[in-house]
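The values are calculated or read from the model by the stated rules, or taken from the named source; none is laboratory data. Note that the structure is predicted; figures quoted are calculated from it, not measured. Glycine also receives a Cβ, built like all others from the backbone with ideal geometry; neighbour counts cover every protein chain displayed.
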Amino acid sequence: MAQRNNLTADWRESASNSGDSERSADEIRQDIAARRESITEAVDRLSDRFQRTLDWRAYISDYPLVAIGVAAGVGFLVSRIFKPRPSAGERIKDALAYGIADLTGRMRDHLDDLAPRKQSLGIGRTVKAAATGLITKAVSDYLRDRYMAPHQEYPEYMQEYTNADDISSY
């Protein structure tokens, strides 16, 4: 700001002097060259200050913890924006899988209570595994019949799901 005031003062001073006497061409050229150099210096200082203000590397070196926090926040927001949302079918499948796993766990706990505790041949484990397998098979058959029965009316649409050996149709 002081440089700006000096330039305007110099201009006013030179303007008042030019009215009093005529200047030679060399004096005018020297005055123009001096002003051009002072303007160039002012522009260079302003450019350096502007570059320092916008230099992100300087901010990171001055405030590294803030930079890490900002990067983590931006990464979190971007990941939330581009996160794929599960479809309705996927949510239903997850709920069914959770329900079957819960039912299987409960049945396993009940069979633990029924089976003898200490058997050297592992018959309790075998009975428990067989019962769990039967229960799982029964639940999957029930779910298949319940959810696939409405689609049995249109066998031409179900052909690709039921004929797994024929890969040429894909």
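Inside segment 101-160, residues that are surrounded by 11 or more Cβ atoms within 10 Å (Cβ to Cβ), in contact with a Gly (Cβ under 9 Å, 6 or more places away or on another chain) and modelled with pLDDT under 70 make up a count of 1. For first residues located in segment 115-128 and at negative phi and assigned to a loop (DSSP other than H, G, I, E, B), partners that are among the charged types (D, E, K, R) and at pLDDT 60 or above and lie 6+ apart or on another chain with Cβ distances below 6 Å form the pairs 115/128.
Entry remark, segment 50-61: residues being outside any loop (DSSP other than H, G, I, E, B), out of contact with any helix residue (DSSP H, G or I) (no Cβ under 8 Å at 6 or more places or on another chain) and surrounded by 10 or more Cβ atoms within 10 Å (Cβ to Cβ) number 3 in total. Across segment 76-96, a minimum of one residue is classified as touching a Leu at 6+ places or on another chain (Cβ under 8 Å), part of a helix (DSSP H, G or I) and over 30 Å from residue 49 (Cβ atoms).
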